[in-house]
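The structure appears below as structure tokens.
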Amino acid sequence: MGTKLTAVFKKSPYGYIGYVEELPGANTQGTTLEETKENLREAIRLVLEANKQIMEEELKGEEFTREEIGEVVV
């Protein structure tokens, strides 16, 4: 069973804005809807990467187990 993310796109005077309802911080803008979709995929990757780095810092020096649970295809 996969987790689905919901992208929301809104028209603005300058093009489009987009965000992911389930992933705070994953938001972007673009001149066209297609550009905004591409930018949002990159924003998702960046948010996930930043969250991983934050957790690695918080866990530094701690004993823990890391286990891959799946892949999100964006």
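The values are calculated or read from the model by the stated rules, or taken from the named source; none is laboratory data. Computed from a prediction, not measured in an experiment: that's the story for all the values here. No Cβ is skipped: glycine too gets one built from the backbone with ideal geometry, and neighbour counts run over all protein chains shown.
Tabulated values for the structure
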| read-out | value |
| --- | --- |
| Qualifying residue in segment 59-73 (condition: assigned to a helix (DSSP H, G or I) and modelled with pLDDT under 95) | yes |
| Pair list, Cβ under 8 Å, 6 or more apart: segment 30-58 residue of a type in the set (Lys, Arg), other residue surrounded by 13 or more Cβ atoms within 10 Å (Cβ to Cβ) and outside any helix (DSSP H, G or I) | LYS37/ALA7; LYS37/PHE9; LYS37/GLY18; LYS37/GLY30; ARG41/VAL74; ARG45/VAL74 |
| Which numbered condition THR3 fails, given (1) surrounded by 10 or more Cβ atoms within 10 Å (Cβ to Cβ); (2) in contact (Cβ under 8 Å) with a residue 60 or more places away in the chain | (1) |
